[in-house]
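Here is the structure we will look at, set down as structure tokens.
The values are calculated or read from the model by the stated rules, or taken from the named source; none is laboratory data. Remember, predicted model here, so these are calculated numbers, not experimental data. Using ideal geometry, Cβ is built from the backbone for each residue, glycine included, and neighbour counts are taken over all protein chains shown.
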Amino acid sequence: MTNGNGAVIDIHAHVMTPEAEEIAAPLFTPDKDPFIGFSGPASEAYNRTHFAEIVPQLTQPEQRLRDMDRMGVDVQAISVVPPQYFYWPEPQIGEKLAGMVNDRLYEIVESHPDRFVGLGTLPLQDVDLALGELDRVVRDLRFGGLEICTNVNGDDFDDPRFVPFFEKVVEHDLLLVVHPNGFTQGQRLTDYYLINTLGMPMDSTVFIARMIFGGVLERFPTLKVCVMHGGGYLPFYPARFDHAYASRDDCREHISRPPSTYLAQMYFDTMVFDSVMLSTLVQRWGADHVLLGTDYPFDMGEDDPLGLLDRVEGLGDAERAMISGGNAARLLGLDRSP
């Protein structure tokens, strides 16, 4: 797709690659995945049924296209399903699996170039291997963005080893879409699906905090980062961070201005379920920093994303156009001339 002008673009839509799962499954144990490892028996049983039910949506473009038409979505930015980040295997296996997922995303994009754009995945357990796959994603697959988890096997992105990764992302002007996968210290979240309903946005909140206080956003002011699920909790409560910055030396170690000013560099999707919350997100950070998202095809997704936008009071036509697709087109480079 070369031009996203006027299109409704969903930035938050997942694809599963069964062939990669076949290789990974014999090597997997639940402790390697915090979402699975901290899902209690009731949630695990429900998820087993639910995930089996949505395999057609996760794997078959034809079903996906029918759902997109029903939802009013013109274009999906398709990305890896979080259990298939595959950061946990030995690096060479992770590299192979990431390549398989990216090839599958590319196959779907190429089969329907007017309906899909790709967000690549990388074997971030080894930064050198990740940079090699990143080059392939840009050069051969021509994706305008990546999806990454909020951490890599519990390591946060303010770790200095990720600096070359961010340098390369900025060099290629890629959009980073950030999606959590449970919560790494989820021992208290095993009941009531708290590993998702609480753990997911909490892990995103930790990701943003580390990106800010660790100095990543100061070092890379042009880095484009969009955090799913409305950015977690921090976009709705930045004042506590600003107060800490003003009051404490340990909160100023790597940054030179209030945390909320770095938060204003980031982008967030509309996956907050509530028009009042979405209105707060838009009013505080600007309609130019909010992107339409559905979390397709999961039960924790938004099935009527445009209806949610319609319920936001005071949203003008220009703002609605930015959120529904204009921002995604700009950040992914879809509004540029071919």
Inter-residue pairs, beta-carbon under 7 Å, first free of Cβ contacts under 8 Å to residues at least 12 places away in the same chain and in the range 102-130, second of a type outside the set (A, V, I, L, M), 6+ apart: none
Residue that is farthest from Asp274 (Cα to Cα), among those in the range 309-325 that are touching a Lys or Arg at 6+ places or on another chain (Cβ under 9 Å) and in a helix (DSSP H, G or I): Met322
Unmet criterion (only one of (1) farther than 14 Å from Gly301 by Cβ; (2) without any contact (Cβ under 8 Å) to a residue 12 or more places away in the chain; (3) of a type in the set (D, E, K, R)) for Glu53: (1)
Residue under evaluation Ile93, criteria (1) under 22 Å from Ala24 (Cβ atoms); (2) among the hydrophobic types (A, V, I, L, M, F, W, C); (3) in contact (Cβ under 8 Å) with a residue 40 or more places away in the chain; (4) in contact with a Gly (Cβ under 9 Å, 6 or more places away or on another chain), criterion not met: (4)
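Looking at Leu309, is it closer than 15 Å to Val73 by Cβ and surrounded by 15 or more Cβ atoms within 10 Å (Cβ to Cβ)?
Yes.
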Residue within the range 88-96 that is closer than 29 Å to Arg219 by Cβ, out of contact with any Pro (no Cβ under 9 Å at 6 or more places or on another chain), part of a helix (DSSP H, G or I) and hydrophobic (A, V, I, L, M, F, W, C) present: no
Residue that is nearest to Gly182 (Cα to Cα), among those in the range 40-83 that are basic (Lys, Arg) and surrounded by 12 or more Cβ atoms within 10 Å (Cβ to Cβ): Arg64
Residue tally, condition among the small types (Gly, Ala, Ser) and in contact with a helix residue (DSSP H, G or I) (Cβ under 8 Å, 6 or more places away or on another chain), over the range 293-315: 2
Matching entry among Leu146, Leu217, Leu176, Leu141 (being buried (at least 16 other Cβ atoms within 10 Å of the Cβ), in contact with a helix residue (DSSP H, G or I) (Cβ under 8 Å, 6 or more places away or on another chain), modelled with pLDDT of 95 or more and assigned to a loop (DSSP other than H, G, I, E, B)): Leu141
Contacts under 6 angstrom Cβ, first residue in the range 243-255 being within 14 Å of Leu217 (Cβ to Cβ) and in contact (Cβ under 8 Å) with a residue 24 or more places away in the chain, partner surrounded by 13 or more Cβ atoms within 10 Å (Cβ to Cβ) and not small (Gly, Ala, Ser), 6 or more apart: Ile255/Glu218
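Give me the helices (runs of 4 or more DSSP H) completely within the range 8-57, filtered to those with at least 1 residues that are of a type in the set (A, V, I, L, M) and under 20 Å from Phe86 (Cβ atoms), ordered by residue number.
In the range 8-57, the matching helices (runs of 4 or more DSSP H) lie at 18-24, 34-37.
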Considering residues of the range 267-292 that are touching a helix residue (DSSP H, G or I) at 6+ places or on another chain (Cβ under 7 Å) and assigned to a loop (DSSP other than H, G, I, E, B) only, the residue nearest to Pro83 (Cα to Cα): Met271
